[in-house]
1. For Ala13 and Arg46 in the same chain, what is the full-extension length gain: residue separation times 0.36 nm, less their Cα-Cα distance, in nm?
2. Show Ser75, Ser38, Ser83 ordered by accessible area, largest first, where the area counts protein heavy atoms only and the probe is 1.4 Å.
3. Full-extension gain between Glu70 and Ala56, please, as 0.36 nm times their residue separation minus the C-alpha to C-alpha distance.
4. What fraction, in whole percent, of alpha-carbon pairs in the chain exceed 20 Å separation?
Amino acid sequence: MEIIKAHLVEATAGREKGKLFYVMETEGEYVFLADGKSRRVEAPKRKKSKHVRFIAADDGRVAEKIRENERVTNSELRKAIASYGGAENSDQEG
């Protein structure tokens, strides 16, 4: 599946391996990822798309704001990821 803007993905390589992120932007074979905590909206992580795994195509308010290029806060990202990830990603809450 092609990974596009506003998808929820999991990093499969690097220091972020196993963490959930939102795709903030795509550029060729690269995706720009943010989770609101370790990777903030202001400085998303640039990563090759082959190093991430598709988790979900979110239809929530945060994903809608990302798709429409509206301002998204780090707090909104953290809450959306925490509500999706539940207990298995409790290190990303907050």
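1. 10.6 nm
2. The ranking, largest first, comes out as Ser83, Ser38, Ser75.
3. 3.0 nm
4. 23 percent
The values are calculated or read from the model by the stated rules, or taken from the named source; none is laboratory data. Every value quoted in this text rests on a predicted model; they were computed, and no experiment measured them. Note: areas computed on protein heavy atoms with side chains; ligands, DNA, RNA excluded. Shrake-Rupley method; radii C 1.70, N 1.55, O 1.52, S 1.80 Å.
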